[in-house]
Amino acid sequence: MYPLGAIPLPLLVKMGKALTYFFAIGRKDITGDDWGDIFAGAIDGIHFSSPVGIVDVAHERMAWSTKTVKDNNPHTCSSVRIISGRNSPDYSFSIADPREDVQKTGDAVLMIWNARIDIAKEEYYPLREAVLIRNPERRTFTYFETEIGQFAISEFVWRENSRGNFEGIRKADEQHCFTWQPHGSQFTIIHQVPPSAIKFKVRQVPMIDVDATLTSIGFASDWITFS
């Protein structure tokens, strides 16, 4: 549809229009499902009611995982933590005690992720992540996309942190790239916000008047029936 990091302005305007509508009807924030609907509507894609593996939205053969995270300063934050599924080494690799060998468990977590990418690419390519960083109170947003790919397992070392969660550290530069929680098996990928990220703001708008809206569609009390 368009090169990575070069989403056309008209599509961004569609996203802003949909966000404005949500605020106009009195919504104080949006959910992940809302964001999937907004993104799919902007690109004329399909938002699956249940994600197809890692795929939330598709347009022909192209697919996106849509994620939104809240931040006090979307325009200045440099990284975001994206919850990317529940990876269970116990279920997939029969690792009953994840702390017995932290490195082995971490490797298994990445293997599960890589397998999901293989499955998604059987139907869709390219695969991208569409991330919206939001501060709904200030109506400020940052949007960016990244390519979704597999991770080279040998490039990461895994350590247990003070909270009992496992952290995946890239050996080359000691950068913290992943977190996995033994309790719940939640897998989080840490993304650096790229230079191509687009920062925008939606104007504060008055809420739609409920009574005026109902009058405009001819609402009458007999529309409500009781049995």
Within the bounds of segment 9-27, is there any residue that is over 18 Å from Glu145 (Cα atoms), surrounded by fewer than 20 Cβ atoms within 10 Å (Cβ to Cβ), without any contact (Cβ under 8 Å) to a residue 60 or more places away in the chain and polar (S, T, N, Q)?
no
Of a type in the set (Ser, Thr, Tyr), out of contact with any His (no Cβ under 7 Å at 6 or more places or on another chain), assigned to a helix (DSSP H, G or I) and in contact (Cβ under 8 Å) with a residue 24 or more places away in the chain: is that true of Thr105 in this structure?
yes
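Just checking, does segment 55-62 include any residue being in contact with a helix residue (DSSP H, G or I) (Cβ under 6 Å, 6 or more places away or on another chain), within 18 Å of Glu129 (Cβ to Cβ), buried (at least 17 other Cβ atoms within 10 Å of the Cβ) and not β-branched (Val, Ile, Thr)?
Yes, some residue in segment 55-62 is in contact with a helix residue (DSSP H, G or I) (Cβ under 6 Å, 6 or more places away or on another chain), within 18 Å of Glu129 (Cβ to Cβ), buried (at least 17 other Cβ atoms within 10 Å of the Cβ) and not β-branched (Val, Ile, Thr).
So which residues in segment 113-123 are without any contact (Cβ under 8 Å) to a residue 40 or more places away in the chain and either part of a helix (DSSP H, G or I) or within 17 Å of Phe93 (Cβ to Cβ) (or both), if there are any at all?
Matches in segment 113-123: Asn114, Ala115, Asp118, Lys121.
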Got a number for residues in segment 142-175 being closer than 17 Å to Gly32 by Cα and either β-branched (Val, Ile, Thr) or more than 14 Å from the chain's Cα centre (by Cα) (or both)?
1
In the set Arg81, Arg86, which member is more than 13 Å from the chain's Cα centre (by Cα), basic (Lys, Arg) and farther than 16 Å from Leu11 by Cβ?
Arg86
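Which residue out of Arg139, Arg163, Arg170 is farther than 30 Å from Gly26 by Cβ, surrounded by 12 or more Cβ atoms within 10 Å (Cβ to Cβ) and basic (Lys, Arg)?
Step by step, each of Arg139, Arg163, Arg170 is checked, and only Arg170 is farther than 30 Å from Gly26 by Cβ, surrounded by 12 or more Cβ atoms within 10 Å (Cβ to Cβ) and basic (Lys, Arg).
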Could you please let me know if Ser78 is of a type in the set (Ser, Thr, Tyr) and over 26 Å from Ser196 (Cβ atoms)?
no
Looking only at residues that are surrounded by fewer than 15 Cβ atoms within 10 Å (Cβ to Cβ) and among the acidic types (Asp, Glu) in segment 28-52, which one is nearest to Asp211 (Cα to Cα)?
Asp29
If we take segment 161-227, then strands (runs of 3 or more DSSP E) inside it with 2 or more residues that are within 23 Å of Ser84 (Cα to Cα) are 166-170, 175-180, 186-192
If we keep just the residues of segment 204-226 that are in contact (Cβ under 8 Å) with a residue 40 or more places away in the chain and out of contact with any Ser or Thr (no Cβ under 7 Å at 6 or more places or on another chain), which is surrounded by the most Cβ atoms within 10 Å (Cβ to Cβ)?
Ile208
Please verify whether segment 147-158 includes one or more residues that are in contact with a helix residue (DSSP H, G or I) (Cβ under 8 Å, 6 or more places away or on another chain), farther than 26 Å from Gln103 by Cα, at pLDDT 95 or above and surrounded by fewer than 19 Cβ atoms within 10 Å (Cβ to Cβ).
no
For Leu127, only one of the following conditions fails: (1) surrounded by 14 or more Cβ atoms within 10 Å (Cβ to Cβ); (2) touching a Leu at 6+ places or on another chain (Cβ under 8 Å). What is its number?
(2)
Residue count, segment 124-160 (criterion: under 19 Å from Ala6 (Cβ atoms), aromatic (Phe, Trp, Tyr) and part of a loop (DSSP other than H, G, I, E, B)):
1
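The values are calculated or read from the model by the stated rules, or taken from the named source; none is laboratory data. Just so we're clear, the structure is a prediction, and the values are computed from it rather than from any experiment. All Cβ positions, even for glycine, are placed from backbone atoms using ideal geometry, and neighbour counts span all protein chains on display.
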